[in-house]
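First up is the structure itself, then whatever we jot down about it.
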Amino acid sequence: MDATPGLFTADDGQPRCFWCQASAAYRHYHDHEWGFPVSDDRRLFEKLCLEGFQAGLSWLTILNKRESFRAGFAGFDIERVARFGEADVARLLADAGIVRHRGKIESTLNNARRALALRDEAGSLAAYFWRFEPAPAARPKRLTLAALQALGSSPESTALSKDLKKRGWSFVGPTTVYAFMQAMGLVNDHIEGCPTRQQALQARAALTPPT
């Protein structure tokens, strides 16, 4: 039995956060993406869209379909997705490789258009999103399993959600937005004792958030 609650030891002997046990692909995502800071607009847009598709599903379901989502949505190129129309909606609804939910597909097109406006205003999506990074004092002193389980949302994710909705974005509730912040490194929710936590902290220290 693993000594630290919330961690498990994989076949390679490395402890990891409990949620990535299901597959090697999930562990790779945990080790190399989740919690590492992102300042690339396309990746930020993609992740927020995919978090919207995840609503009511598991992230592993979305991760397993991610390449199909990327193919269907032009690599989440914001300008291209913003130009999608009804023919693209019909095409995507017929694509068995993605989650075929009309509301979520149409939301992605809408959010691409909203993203263009936001980028014009803020300079980049990254500059906008990183304004909502919580201050260190607002975070748990130690990220234990119990602390993580209490973090379904946060004041910052609630504020970001409200601001996005005010700007016309959809499928961006506080829980969805908090999951986005976890994945994109605005918060580091790797449990204490997970070696990837320190790697993500080092990556954050090396990043100068865009302004």
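Just so it is clear, none of the values below were taken in a lab; they were calculated from the coordinates. Keep in mind the model is a prediction, meaning the values are calculated, not measured. Please note: Cβ atoms are built from the backbone with ideal geometry, for glycine as well, and neighbour counts cover all protein chains shown.
Principal-axis analysis of the Cα atoms of the chain puts helix 102-122 at an angle of about 90° to the longest axis. To the nearest ten degrees, helix 155-166 and the longest principal axis of the Cα atoms of the chain are 0 degrees apart.
Database remark: amide H of Arg167 closer than 5 angstrom to no amide H (H placed geometrically; neighbours at sequence offset of 5 or more, or on other chains; Pro and chain starts carry no H).
For the stretch 51-59, the Karplus equation 6.51 cos²θ - 1.76 cosθ + 1.60, evaluated at θ = phi - 60°, returns couplings of 5, x, 5, 5, 3, x, 10, 9, 5 Hz by residue, with Gly and Pro reported as x. Spacing of the modelled spin labels on Asp77 and Asp120, each 7 Å from Cα toward Cβ, amounts to 2.0 nm. The angle separating the long axis of helix 195-206 from the principal Cα axis of greatest extent in the chain is about 60 degrees. Based on C-alpha pairs under 8 angstrom that are at least 6 apart in sequence, the stretch 52-185 has a relative contact order of 22 percent. Both numbers refer to the Cα atoms of the stretch 112-210; Rg and Dmax are 14.2, 41 Å. Multiplying the residue separation of Thr208 and Arg43 by 0.36 nm and removing their Cα-Cα distance gives an extension gain of 57.7 nm.
If you stretched the chain out fully between Asp163 and Arg139, how much longer would it get, using 0.36 nm times the residue separation minus the C-alpha to C-alpha distance? Working shown, then result.
Working: separation 24, 0.36 × 24 = 8.64 nm, distance 2.13 nm.
Result: 6.5 nm gained on full extension.
The alpha carbon centroids of the stretch 184-203 and the stretch 109-125 are separated by 28 Å. Between Gln198 and Leu60, the FRET efficiency from the beta-carbon distance, with R0 = 22 Å, is close to 0.35. Think of the chain as having a plus end and a minus end, set by charges on the Cβ of Lys, Arg, Asp and Glu; of Gln198, Ser39, Thr175, Thr175 sits farthest toward the positive end of this dipole. The ranking of Ser68, Ser58 by Cβ neighbour count inside 10 Å, starting from the fewest, reads Ser58, Ser68. Of His190, His28, His101, the sequence from fewest to most neighbouring Cβ atoms within 10 angstrom is His28, His101, His190. In terms of its C-alpha gyration tensor, the stretch 164-211 comes out oblate, because a/c is 1.5 or above while a/b does not outweigh b/c.
Remark on the stretch 1-108: ratio of C-alpha radius of gyration to 2.2 N^0.38 Å is 1.25. Note on Glu67 and Ala146: the extension gain reaches 25.1 nm, defined as 0.36 nm multiplied by sequence separation minus the Cα-Cα distance. With the biggest extent put first, the Cα atoms of the stretch 59-145 measure 49, 36, 19 Å across the principal axes. For the stretch 177-183, putting each phi into the Karplus relation 6.51 cos²θ - 1.76 cosθ + 1.60 with θ = phi - 60° gives couplings of 5, 5, 4, 4, 5, 4, 5 Hz, in residue order, rounded to whole numbers and with x for Gly and Pro. Sequence-ordered 3J(HN,Hα) estimates for the stretch 84-90 from the Karplus curve with 6.51, -1.76 and 1.60 and θ = phi - 60° stand at 4, x, 4, 4, 5, 4, 4 Hz, glycine and proline given as x.
Sorting Cys194, Cys20 from the fewest to the most surrounding beta carbons within 10 angstrom yields Cys20, Cys194.
When every Cα-Cα distance of the stretch 47-97 is counted in 5 angstrom steps from zero, the calculated P(r) takes the values 5, 19, 29, 29, 14, 4 percent.
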